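Worksheet: the structure to be examined is printed underneath.
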Amino acid sequence: MMSRRKFLLLTGAAAAGAFLIPQISAKTQFVESPEEVKAKRRWAMAVDVEKCTECMEELIAKTGNPEVKPPCVVACDKENNVPEFEDKRIDPQWMRIVKLELDKPEIGPKEFYIPLLCNHCEHPPCVQVCLTQASFKRPDGIVEIDMHRCIGCRYCMIACPYGARSFNFRNPREGLKEVNLNVQMRTEGVVEKCTFCVHRIDEAVAKGEEPIPACVEACHKYGKGALVFGNIKDPNSKISKILRENIVVQLRANLGTDPHVFYTKLGGE
Amino acid sequence: MTVEFKKIEGDSIQYFALVIILAVVTALGFYAYALDRELGGLNGLSNRVPWGIVNAGIPYFIGLSAGSLIVSALAGVFNIKKYKVFSRIAAYMAAAWIIAAILSIALDIGKLYHFMNAVRYFNPTSIFSWNAFLYSSYFVICSVYLLVQFEEMERATRFMAGLAVFWAVLVHSGTGAIYSFVYSKELYHSALTPPMFIVCAITSGLGLLLANLYFTFRFTNRELDPKLIRGLALIFAGLTMILGYFLAVEGLEKGYIPALHEAVQFVFLTPISGVFWSFWLLVIFGITIPVIIVLYPKTGYDLRWISFAGILHAAMVFAERFYLIVPGQVFPEEYLAGYKLESLHTLEGYIVTYTPTIVEWLQVIGLIAMVYLVYVIGVKVFALIPERAVEEVVEE
């Protein structure tokens, strides 16, 4: 028979062991201090709705497929190992195109196309609700998920106002033809979303170059150049100029999340 | 006379049959979980509706845990002697249900072997994170409360009763807030949810406790005073009406907002959706009928009818959890005000139905069976049930 003291010691040791297992963390370590980074860089994206709509209209007319994936989405999927599953209910999608139409059928409203992706909010609800701080915001504004911490509770998916997050109901490898080794592979049971191609950003910043996410690159190469990415802390950047000179729209701005994907040129001039 | 607690004999064939049945159903629940994990795709969840009935099990079980405890421990705090007969069983069940709730979280999350992260990494802005701490501490408090009762430590019992009530309210309000503080979904967002959770917890917990007492006393041939049950049944009916009142206020407030007209129409008036049924089943079978049963003189004094009303209500509170969690996900949010939106590559902008599969139901039912397995074993191992439960408790 085990003595009471021994029993208590054993359970205590077991509990401590469960707490203290060292874990790997994906949190990025910056060379500069967080304050320095915060003062220097804040990444954001601007979308020219007019150009985006033009590109989509042409693409749909050419392929006859109303669900065609434009170059930006294809590039995103390939770059970030976003798997492709037949069942739309569980298919993870970091970037997707949506059709917008004014809710006034009597006037026969025009259809617009815009991309949706993670908005990398200034006040991200997903980070607010995350149980384990697996979702976190970097000093440069990028909202990321630490896959080693994520317990897959999906609270962030409920909290995200923009449906930007997907859960891996299946192992992503099953839906991938090839794997990009530059991007972290996810497993079944965790949540994933757009990272603004954070691996490209970190590499470019280290080299002193202008970073360019995969979707933006593809948009300029094969599309109409509707997407612009850049640093809004730099007043001379292209994106700062766009935000300065246009009326821009943030999705669900009333929630106060301050999303950093801005939509411009909402109607053809 | 004082209240004498006594273990049950538990050596009849019926007793062992009950234990075996409950054990098999429990095992089936865990098997369903394993099957879902192994094969994948056996649940009805999607990227649009990532929270289903296994998640609904969390607030449901916590409600059942908090409910019966609040009533019995309150009696302890205010020293209402006649309800002392239920204090042990209520504390025991509270501990059992909270285990079911924690297991429900374990079954629901995608990465079980990351589970401890929920305790190790605390996020002060996450309500769920606070609850991870509250749930585990609540279990400890229930256990200690039970322990001091077994040891018949009077003053410690009263102190623990007070602490348990406070903690139960905290735990359950916190659980309500997990859902209702989500501001991105208009159908979730409501300050009424946490207080409604408390009321609903008491009604469902009490409803089940009434049935529990009736069947336990009947099968063990012990004396149960109908007057005692009648008193609890009246509390049950009164609070059930308050629950109905909360639901009405909340529904009307949502219906008043033009932006929500379509969503409200869908939730309350579209009979082709499961969401519609979850709400109206609750109103009709969860609130109206149980209240009528208790208040109608011909049935309101009959322990069998009261037990039936209690079980009916407690079962329908599960529909309430469904109504709380699912509609907000099923009905699409408006990303750009005034614009209709349809995604080309996902199901955003569409009403995405969610139908729980048998595999999901088995997980919920398995956990319920587990709690009752813990109960039937508990009454044999511990002295939880009084010899006789009558209203007049004479002071020593």
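Laboratory data are not the source of any read-out in this text; all were calculated from the coordinates shown. Note that the coordinates shown come from a computational prediction; the quantities given were computed from them, not determined experimentally. Methodologically, a virtual Cβ is constructed for each residue, glycine included, from the backbone with ideal geometry; neighbour enumeration extends over all protein chains shown.
Summary table below
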| item | result |
| --- | --- |
| FRET efficiency for residue A:177 and residue B:382, using Cβ-Cβ distance with R0 set to 45 Å, rounded to 0.05 | 0.15 |
| Averaged over A:62-74, number of beta-carbon atoms from partner chains that fall within 10 Å | 1 |
| Size of charge dipole - the stretch B:5-389 - debye, nearest 20, with Cβ of Lys, Arg +1 and Asp, Glu -1, no other charges | 1160 debye |
| Size of electric dipole in chain A: Cβ of Lys, Arg +1 and of Asp, Glu -1, about Cα centre, debye, nearest 20 | 1080 debye |
| Per-residue [θ]222 nm for chain A (sum of -39500 (n - 2.57) over DSSP H runs n ≥ 4, rounded to 500) | -9000 deg cm²/dmol |
| Label-point separation in nm, residue A:220 to residue B:24, each point 7 Å along Cα→Cβ | 6.8 nm |
| Loop-resident sites, the stretch B:52-132, for chymotrypsin sites (Phe, Trp or Tyr not before Pro), counting at most 13 other Cβ within 10 Å (DSSP) | B:78 |
| Within chain B, helix-based [θ] at 222 nm, where runs of 4 or more DSSP H residues each add -39,500 (n - 2.57), nearest 500 | -22500 deg cm²/dmol |
| Residue-averaged beta-carbon neighbours from other chains (10 angstrom radius) around B:50-57 | 3 |
| Projected label distance in nm at residue B:14 and residue A:187, using a 7 Å step from Cα toward the beta-carbon | 4.9 nm |
| Distance between modelled label sites at residue B:218 and residue A:58, nm, 7 Å Cα→Cβ extension | 7.6 nm |
| Computed over chain A: relative contact order in percent, which uses C-alpha pairs under 8 Å that are six or more apart | 27 percent |
| Cα-based Lys proximity count in the stretch B:5-389, under 26 Å, for pairs eight or more positions apart or on separate chains | 22 |
| Per-pair calculated FRET efficiency, R0 = 30 Å: residue B:113 and residue B:170 via Cβ, rounded to 0.05 | 0.55 |
| Listed residues A:93, A:218, A:254: farthest to the positive end of the dipole of the stretch A:28-264 (Cβ charges) | A:254 |
| Restraint check, A:40/A:221; A:69/A:221; A:110/A:238, Cα-Cα greater than 22 Å | A:40/A:221; A:110/A:238 |
| Cut-off 11 Å between beta-carbons: net charge of the residues surrounding residue A:230, Lys and Arg +1, Asp and Glu -1 | +3 |
| Cα Rg, Dmax, chain B, angstrom units | 21.5, 76 |
| Unit charges at the beta carbon, dipole of the protein assembly as shown: most positive-side option, B:44, B:273, A:132 | A:132 |
| Contact order normalised by residue count of chain B, Cα under 8 Å, 6+ apart, percent | 33 percent |
| FRET efficiency, 1/(1 + (r/R0)^6) with R0 30 Å, evaluated for residue B:252 and residue B:277 via beta carbons | 0.90 |
| 14 Å beta-carbon shell around residue B:352, net charge (K/R +1, D/E -1) | -1 |
| Distant-in-sequence amide H partners of residue A:162 (H built 1.01 Å from N, under 5 Å) | none |
| Loop-located GluC sites (Glu not before Pro) in the stretch B:1-80 whose Cβ has at most 16 other Cβ within 10 Å (DSSP) | B:4, B:9 |
| Local electrostatic count, residue A:142, Cβ distance below 10 Å [Lys/Arg +1, Asp/Glu -1] | +1 |
| For the stretch A:28-264, diffusion coefficient by Stokes-Einstein and Kirkwood Rh (Cα), 10 °C, 1.306 mPa s, µm²/s | 85 µm²/s |
| Residue among B:68, B:15, B:293 farthest towards the positive dipole end of the stretch B:5-389, charges placed on Cβ | B:15 |
| Check: the stretch B:193-319 dipole with +1 on Lys, Arg Cβ and -1 on Asp, Glu Cβ, in debye | 420 debye |
| Straight-distance crosslink candidates among aspartates and glutamates, where the alpha carbon sits under 14 Å from residue A:241 and sequence neighbours closer than 8 are dropped | A:48 |
| Longest to shortest principal axis, alpha-carbon extents of the protein assembly as shown, angstrom | 88, 64, 42 |
